[in-house]
Amino acid sequence: MGDVFPQLAAISPDDAHGARYLLLAVMGVVAVGFAVAPLLLSALVAPRKPSEIKQSPFECGLESKGDAWVQFRVQYYLYALAFVIFDVEVVFIYPWAAAFTNLSTGALVAMGVFVLLLAEGLAYLWIKGVLSWK
Amino acid sequence: MIEGVAFYILSTVAVLGALLAVSRRNLVHGVFALLLFFAALSGLFVMLMADYVAAVQVLVYVGAVGILQLFAIMLTEHVTGDDLRRLGARGWFWGLMLAVALPVVLLLPPLLNGEPPVPPAAPQSTARQLGSQLMEHYVVPLEVLALLLTGALIGAVAVAHGPEKDPPGKDRPA
Amino acid sequence: MNVMLYSMEIAMVLSGLGILMLDLGTPARGKRDLGYLAAFLMSLLLLQSVFMPEVQDGFSLLSSGHSITEGPGYKLDAFARYFKHLFLLAAILVLLMAVDFAGTLRARLAEFFALVLFALTGMSAAASATNFITLFVSIELITVSFYVLTSFQRGQMRSLEAGVKYLILGAAASAVLVYGIALVYGATGSMEFAALGKACPSAEHDHLLRLGLLLVIAGLGFKIAAFPFQIWVPDVYQGAPAPVTAFLAVGSKAAGFALLMRLCHHLRPDLRELTLTVLAALAGATILYGSLCALRQRNLKRLFGYAGIASAGYLLLGLLALNAQPGASPSGAQGCHAMMFYLAGYLIAVMAAFTVLCHLDGEDEDLSVLAGLHARSPLLATVLTLSVVSMAGLPPLMGFLGKFLLLQSAFEVLSPHPAQLWLMVVALGGVVISLYYYFGILRAIYWGGGISPGRPAGESEAITVPPLARLLLIACGLILLWVGIFPQALLEWLGDAVALFR
């Protein structure tokens, strides 16, 4: 790694961790640059001849009316909440899965109970008809 | 050196994001600023060698909590917040005092002594170690947590979902 | 891992989930019966745990050859058992109260019962917690359940407002609590309470530990409604449905105190100097604030809220004994003894008072709804009188001995420090003030006709109380009297429970 990026050698040698994430940071910068550069370029280089039609949100099709920021229905929120809850579930299942080979049967049962408890929540949502869109 | 630079960049972004989040009148913009803060925080976790926590920060906070907050804001009538008077403007002085006092109380003694305290036990944060810790020492909290999440889900339905109907009859599969 | 260790919590969770599942096949008019079912199951559990605790031990003997009372972060000792019994009793009374209250609740009864059981599970786990993770997770389970329970009457603005206020302030308190836990962990490198008894590697660590400890006390102070963290109490108590308020007043508070007791028990002697000062200040301020605010209060639920704040102050007095230097004249056991006795008396009195409240017909709980209660329902009037007199701490009722023991233990702790005897003055002052506002309730019951002369004549009709509630009320009244006159049995039972703190 040190040969490819000499500056990485400046990081303490035991710090492979830092080096990996520095690469990630470099990738992040490149990715953002890749997206931003064409925009900047076109803003700098492209000729500007604005007209009424060109400035409308959609050059063809129906004229858009009203505000896009409308009040949502509460069902969206319930979906989002269910999403967060199962997302948090993943946070706990992932380390369990990573350590799986060293764990006892008890751990399997414990995680089974964990998943079942949350599945009960899902079943409840389903049967109560929260997931069906009306 | 490079770690120092990264730290200052990330901290600046985090502080800016947090400031923007509390100062934007438009709540949706506020949430996006908050997401910026979450992302910078995730970077700071990486610098603390807490890889998994950083991943969780992105997965749960940037990914899910941000969405939830956006939905919560879109539920309200005045999304842009323009025609609302600013809430709690009276409390800013005490909030500022608290915000200043807490770091002073926390940081002053270590600063006066030169060295910040090092945690006695080196943090072990890879997912595998977390997993075995979780399964060895924290099984009961894990199950309580599952119950908490289920309770929250059921509670949200009880409070937010429409009025209760009779259980479905034979014509509708349950 | 021994499953039988957690059998009580498992039974509670299964009952809660079972109720939810049964609800799916129950028609609307049958939903009340689910409450009876839940109360029945919890009564069975309570009876089993009180009279046949060896059932659990027996299974653990079979499976591992010796009796296990401890798991990681969890301990099932006599102390935990006592609190679990208190919580079970509270939950049973709350469930039965909620069944009678169902007409007013109007929505999703099964979820209500299930959430009460979930909160109960959290309290039960909190009573056994021996590390910060269990502490935090169980506290959160309690609080999240209460967020929902508080705003359950969602048709009513006041209930929703209470829910939102509790949610926001509760979330802030949780943040403080978790920050404190993080600091303590950073300083000690361990999540166990026991690590609080060990010396820190350096002075800076010690500084962090002290700071963390203060934040943890602040976070728990929110749950017990101690003075600077009590702002949510009046609004939430008023807005929440009456059974929820009762559960909040008793269960949530007792869980916070159980955790504080375990926590303080492990503290190092030099940390105790700090906590003793802080807790003494909290206790004094809490008693003073609660008592003074209750003076002019006319809304019954708010009145009980402020009175509850004052009670939290008295309970904190008992906690002082746990923070005295080891080997001081009153052992920590004495303070715990007093706290646990007081909590039992408080539980019965609050449950009785709120059951009475549920059967009053006024929409607002102004003191004037009590007018002429002795004529409309002698039973309700008598039980409310007993409960109020007990809360005021007058002999011969249960509350008297509880308050007396608390004051006594605090006096013995503070007597070596004459500078802190002001606290005793405040506490005694609080007792005197409380006589005034509790007497206000009695006056409203028996001589309250003149308060609102314009009340329609129809309201002076007799109130009919359903037979089960009647039975419960009579039982509560009798317990308050009986244990007040013959406290020996309960005190001896408590002797085992506080053995931990000797």
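For the reader, a short list of remarks on this structure follows.
- Flag for C:ALA324 being of a type outside the set (Asp, Glu) and outside any helix (DSSP H, G or I): yes
- Some residue of the range B:150-164 being modelled with pLDDT of 80 or more, open to solvent by 40 Å² or more (accessible area, probe 1.4 Å) and within 8 Å of chain A (Cβ to nearest Cβ): no
- Output for the range C:92-108, where each listed residue is at pLDDT 85 or above and within 14 Å of chain B (Cβ to nearest Cβ): C:ALA98
- Those helices (runs of 4 or more DSSP H) of the range C:1-70 in which 1 or more residues are within 13 Å of another protein chain (Cβ to nearest Cβ), open to solvent by less than 20 Å² (accessible area, probe 1.4 Å) and at pLDDT below 90 occupy C:7-24, C:31-51.
- Boolean, C:ALA125 is surrounded by fewer than 21 Cβ atoms within 10 Å (Cβ to Cβ) and either within 11 Å of chain B (Cβ to nearest Cβ) or over 30 Å from C:LEU45 (Cα atoms) (or both): no
- Taking residues in the range C:137-149 that are touching a residue at least 24 places away in the same chain (Cβ under 8 Å), and partners anywhere that are outside any helix (DSSP H, G or I), the pairs with Cβ atoms closer than 8 Å and at least 6 places apart or on different chains are C:SER138/C:ALA129; C:LEU149/C:ALA240; C:LEU149/C:PRO241.
- Counted residues, the range C:183-227 - those being of a type in the set (Asp, Glu) and farther than 16 Å from C:ARG272 by Cβ: 2
Conditions (1) more than 9 Å from chain B (Cβ to nearest Cβ); (2) over 13 Å from B:GLY155 (Cβ atoms); (3) surrounded by 24 or more Cβ atoms within 10 Å (Cβ to Cβ); (4) not basic (Lys, Arg), marked per residue:
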site: C:LEU120; (1), (2), (3), (4): yes, yes, yes, yes
site: C:ILE133; (1), (2), (3), (4): no, yes, no, yes
site: C:LEU141; (1), (2), (3), (4): no, no, yes, yes
site: C:THR150; (1), (2), (3), (4): yes, no, yes, yes
site: C:LEU169; (1), (2), (3), (4): yes, yes, no, yes
site: C:ALA172; (1), (2), (3), (4): yes, yes, no, yes
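- Candidates A:ALA82, A:ALA98 - the one that is over 30 Å from B:THR76 (Cα atoms) and aliphatic (A, V, I, L, M): A:ALA98
- Screening the candidates C:LEU494, C:LEU471 for the property of being modelled with pLDDT of 85 or more and in a helix (DSSP H, G or I) yields one hit, C:LEU471.
- Filter pass, C:TYR179 being open to solvent by 30 Å² or more (accessible area, probe 1.4 Å) and of a type in the set (Ser, Thr, Tyr): yes
- Checking the stated criteria, A:LEU117 turns out to be more than 23 Å from B:GLN69 (Cα to Cα), at the interface with chain B (Cβ under 7 Å from one of its Cβ atoms), under 28 Å from the mean Cα position of the chain (by Cα) and surrounded by 12 or more Cβ atoms within 10 Å (Cβ to Cβ).
- Only one of C:ALA381, C:ALA427 that is small (Gly, Ala, Ser) and within 30 Å of C:LEU320 (Cβ to Cβ): C:ALA427
- Residue in the range C:186-197 that is most open to solvent (accessible area, probe 1.4 Å), counting only those that are more than 10 Å from chain B (Cβ to nearest Cβ) and farther than 18 Å from B:PRO141 by Cβ: C:GLY197
- In the set C:LEU220, C:LEU271, C:LEU263, C:LEU259, only one residue is farther than 25 Å from C:ASP366 by Cα, at pLDDT below 90, open to solvent by less than 10 Å² (accessible area, probe 1.4 Å) and not polar (S, T, N, Q); that residue is C:LEU271.
- If you check B:VAL118, B:VAL105, B:VAL139, B:VAL144 for being more than 23 Å from the chain's Cα centre (by Cα), hydrophobic (A, V, I, L, M, F, W, C) and modelled with pLDDT of 85 or more, only one passes: B:VAL139.
- Some residue of the range C:408-416 being over 30 Å from C:LEU279 (Cβ atoms), open to solvent by less than 10 Å² (accessible area, probe 1.4 Å) and modelled with pLDDT under 85: no
- Going through (1) within 26 Å of the chain's Cα centre (by Cα); (2) small (Gly, Ala, Ser); (3) open to solvent by 30 Å² or more (accessible area, probe 1.4 Å) one by one, C:SER202 falls short only on (1).
- As a summary of the residue check, B:ASP83 satisfies the conditions (1) closer than 30 Å to A:PHE72 by Cα; (2) more than 10 Å from every other protein chain (Cβ to nearest Cβ); (3) modelled with pLDDT under 85; (4) surrounded by 15 or more Cβ atoms within 10 Å (Cβ to Cβ) except for the one numbered (4).
- Look at (1) surrounded by fewer than 24 Cβ atoms within 10 Å (Cβ to Cβ); (2) modelled with pLDDT of 90 or more and you find that C:GLY313 fails only one, number (1).
- When A:ALA46, A:ALA98, A:ALA82, A:ALA110 are screened for being small (Gly, Ala, Ser) and either farther than 30 Å from B:GLU143 by Cβ or away from chain B (no Cβ under 14 Å) (or both), only A:ALA46 passes.
The values are calculated or read from the model by the stated rules, or taken from the named source; none is laboratory data. This one's a predicted model, so the numbers in the text were calculated from it and none came from an experiment. All Cβ positions, even for glycine, are placed from backbone atoms using ideal geometry, and neighbour counts span all protein chains on display. Just the protein is used for accessible areas: all its heavy atoms, side chains included, with ligands, DNA and RNA removed. Shrake-Rupley method; radii C 1.70, N 1.55, O 1.52, S 1.80 Å.
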